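Okay, structure first, notes after.
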Amino acid sequence: MPQVTVTEHLLLHQKQSPSATGRFTMLLNELILAGKIISRDVNKAGLVDIVGFTGTENIQGEKVKKLDRFANEVLIHRMERAGVLCGMASEENADLIPIRDKFPKGDYMLLFDPLDGSTNIDVNINVGTIFSILRNKNFDGSGASLSDMLRPGVEQVAAGYIMYGSSTILVYTTGNGVHGFTLDPSVGEFLLSHPNLTIPEKGKIYSVNEGYWNYWDKPTQEIVSWFKDPDGKRGAPYSLRYIGSLVADFHRTLIYGGIFMYPADNRDPAKSKGKLRLMYEASPLAMLAEQAGGMASTGKRRILDIVPEDLHQRVPLFIGSRDEVQKIQETYSKYAGCA
Ligand code: P6P
């Protein structure tokens, strides 16, 4: 396959709109640079522990901090200087992150989880940066307000993730299909490796933390039980795969099909609406899933239709192959019908 870079792919396949002034390409290229810096340090994490050296220093010349805070610093530093944003939000920051006046602004807004699943780094499990890109319809040259940013996922102009593991892969959509690029460290470029990714219509894998079975609602318990083919009528149950790192579990679902679930939990008040965040986890992954022919739901509602009330709002998440997500929704509506 000829080596196609992200920039080339964007120029060739991006929906050419009159307003396409290359600013989106600048945004994505800065994001990619941040991803390369994070990848470099994530891949050294084990060494830091073993040999004790700090490896690299971060941009402020400080010793490398905890990797998710380091990833957050890298993203904020790089993206503030991209000259195309009027605001950011991060899983690591309670409030909206403004773009300081000394930097030029643009009408894009970036929301991200800098290093999701970072607790898995110590055991060499893949982790990832998840990002969501919106445009500020009220942009007047000044910074975005919180209400400018609290937009439903259906308004995202782009979404994606960078997964750090045996290789570093960037998967993103601009509403024109889903495409994967693998980092070639020898040249420092992400090269097209998975063009036009699509989720199989139906899968054979379900992915959920079964340890929380007793805290789920009835529809979730019923559908998970169905996956196990309890009466043997279907001849074979689904396989259970659960890595415990959202980006890794989603990436497998995107490629192999099936369903990833993080249901609401009636034991832990903090997870009564689910553990995963709407704006920088569920929404960007939902855009990818739908662009790849799949679905993403809370069980009751399409994820992309939810208008956020808070930057860090949590939602239950059922995402993956159309067939399995529809089964979840049918089960929920059956119970709603009985309510
Ligand atoms: P649990 C990692 O901490 C994370 O935020 C996601 O990456 C992952 O999907 C989820 O939590 C795992 O949560 O409760 O199963 O350990």
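Worth a mention:
- Computed from the Cα positions only, the extents of the range 6-196 along the three principal axes stand at 52, 36, 26 Å, in decreasing order.
- Partner lysines for Lys105 [C-alpha distance under 20 Å; skip if fewer than 8 residues away on the same chain]: Lys137
- The Cβ shell under 13 Å around Ile306 holds other residues with a net charge of +2, Lys and Arg each +1, Asp and Glu each -1.
- In this structure, the amide hydrogen of Val178, modeled 1.01 Å from its nitrogen in the peptide plane, lies closer than 5 angstrom to those of Asn196, Leu197, counting only residues at least 5 positions away or on a different chain.
- Rg/Rh (Cα only; Kirkwood hydrodynamic radius) as it applies to the chain: 0.97
- Each of Ala248, Trp216, Pro114 was scored by the projection of its Cα onto the charge dipole of the chain, and the greatest displacement toward the positive side belongs to Trp216; charges sit on the C-beta of Lys, Arg, Asp and Glu.
- Ordering Tyr161, Tyr215 by the number of other Cβ atoms within 10 Å of each residue's own Cβ, fewest first, gives Tyr215, Tyr161.
- Backbone HN-Hα couplings from phi across the range 189-206 [Karplus 6.51/-1.76/1.60, Hz, Gly and Pro as x]: 10, 7, 10, 4, 10, 9, x, 6, 5, 10, 7, x, 4, 9, x, 10, 10, 10
- Cβ-based exposure ranking for Thr182, Thr220, in which fewest neighbours within 10 Å come first: Thr182, Thr220
- Close amide-amide hydrogen proximity is noted between Ser272 and Asp265, each under 5 Å apart and 5 or more residues distant or on a separate chain (H modeled in the peptide plane; Pro and chain starts excluded).
- Part-to-part distance (alpha-carbon centres) for the range 136-193 and the range 76-133, which is given in Å: 11
- Take the Cα radius of gyration of the range 140-284 and divide it by 2.2 N^0.38 Å, N being the number of residues; the result is 1.26.
- Label-to-label distance for Ser186 and Lys334 is 5.4 nm, based on points extended 7 Å past Cα in the beta-carbon direction.
- Among Arg234, Arg277, Arg69, Arg151, the ranking by other beta carbons within 10 Å of each residue's beta carbon, starting with the fewest, stands as Arg234, Arg69, Arg151, Arg277.
- Cα Rg, Dmax, the range 205-337, angstrom units: 13.9, 45
- Violating pairs (Cα-Cα greater than 28 angstrom) within the set Lys271/Lys300; Lys204/Lys275; Lys228/Lys334; Lys233/Lys275: Lys233/Lys275
- Two tests apply to each whole DSSP H helix in the chain, Cα reach of 18 Å or more along its axis and mean Kyte-Doolittle hydropathy of at least 0.0, and the ones passing both are 23-42.
No lab work stands behind these numbers, since they all come straight from the coordinates. Note that the coordinates shown come from a computational prediction; the quantities given were computed from them, not determined experimentally. As a convention, Cβ positions derive from the backbone with ideal geometry for all residues, glycine included, and neighbour counts pool all protein chains shown.
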